[in-house]
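I have placed the structure first, in the form of structure tokens, so that the comments after it can refer back to it.
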């Protein structure tokens, strides 16, 4: 590299650094790219451009430049940690774990890396491994409030309730208004059957955060200490499916965890002679990764899918079954849609709605005369609507029948089925079909 190239590279790099500190990302990106034209192997320009893209969730670009930085300096624990973060966000968990482990090999005393590694294990229900990671976090940072909450969560998941309670209480000693600790405590007390203490903790959470951004209102409803919410909170759903999207198709087929909704829907379509139609206009609400897309494509002239999670839709897009995919709330989309459909399906999504009437009404609006709405639900044998242990909703046959009638639809079919398995245990469900009169 000539002296002039070096000077030009440094000049643009410093300008990029200044703009990034000012949060002027477009200018920072431009200056870093100019610096790299003079020296493609500039470590900090590659690293900071990668982190800039990461902040903007442009993960493919972030990976490109962070990989380059890792090649230039393969022993940097900071680069390996950030590269692991990008792999984790993009759902490449094995690669993320490898990066975190390399980072810890270079610098074992990095609580943030132990925490990141613990989060992956926690999200994949490897609770013993997650517990070990969080304990290392707290060994290095005994004042880390979030670490105590994370540890409490994995202890609770292993039914170590008293240890979990101690961990959540430690978090509150350090930060008395840390709302997540109250939620964790409430769940522990609920599991132990200490209803009043659980209610107190959940209500304290709502005093700190009265919005609908957590599952706390569902917890209170499950304890008969609050109204049943109309639907599952969107913010929690988005976070959940961001983590699950990459491995969703494989996860729902794992032994003991099988989700049977798509199978039941297909069987009903065959029973109604809809699979032989081949010229149907079809809407798949809560389409997720497009698990139903292959067989719906076979009977469709036009196939649309709508889902709230962009990460789930990204997986559906790769399959190429859908003519149109929209990232939107299902009810809002149906209420504003101008196209009509012969068939609407909802496989495994109505379990997120306590109040089914708005969904049924929106479906009635879009169905052509003679059209069908086919869906799955969790089954309640007692209450009209109830909050299950997994904080999703279950509905009774009477409720479904009344909601369908109120929406102006005929109940063509409602049969008990196993909705899915949870740790090998069958979960009671319904497969239903509503019909719009011709």
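We did not get these values from a lab; they are worked out from the coordinates using the rules stated. All of these numbers come straight from a predicted model, not from anything done at the bench. Here Cβ is always computed from backbone atoms with ideal geometry, including for glycine, and neighbour counts include all displayed protein chains.
Tabulated values for the structure
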item: 153, 51, 376 arranged by Cβ crowding within 10 Å, fewest neighbours leading; result: 51, 153, 376
item: Share antiparallel - DSSP beta bridges, the stretch 280-438, percent rounded to 5; result: 50
item: Volume of the Cα convex hull of the stretch 243-338, divided per residue and given in Å³; result: 102
item: Bins of 10 Å from zero: percent of alpha-carbon pairs in the stretch 382-438; result: 21, 47, 25, 6, 0
item: Protection proxy ranking of 104-110, 80-86 - average other beta-carbon atoms within 10 Å, highest first; result: 80-86, 104-110
item: Dimensionless Rg over Rh [the stretch 1-149; C-alpha; Kirkwood]; result: 1.05
item: Ranked 194, 304, 383, criterion: other C-beta atoms within 10 Å, fewest first; result: 383, 194, 304
item: Sequence ranges 408-416, 38-46, ranked by mean other-Cβ count within 10 angstrom, highest first; result: 38-46, 408-416
item: The chain - Rg over Rh from alpha carbon coordinates, Kirkwood radius; result: 1.03
item: DSSP bridge pairs, the chain: antiparallel proportion in percent, nearest 5; result: 55
item: log10 of Debye I(q)/I(0), alpha-carbon scatterers only, for the stretch 293-415 at 0.09, 0.12, 0.18 Å⁻¹; result: -0.26, -0.47, -1.04
item: Neighbour-count order for 187, 79, fewest beta carbons within 10 angstrom listed first; result: 187, 79
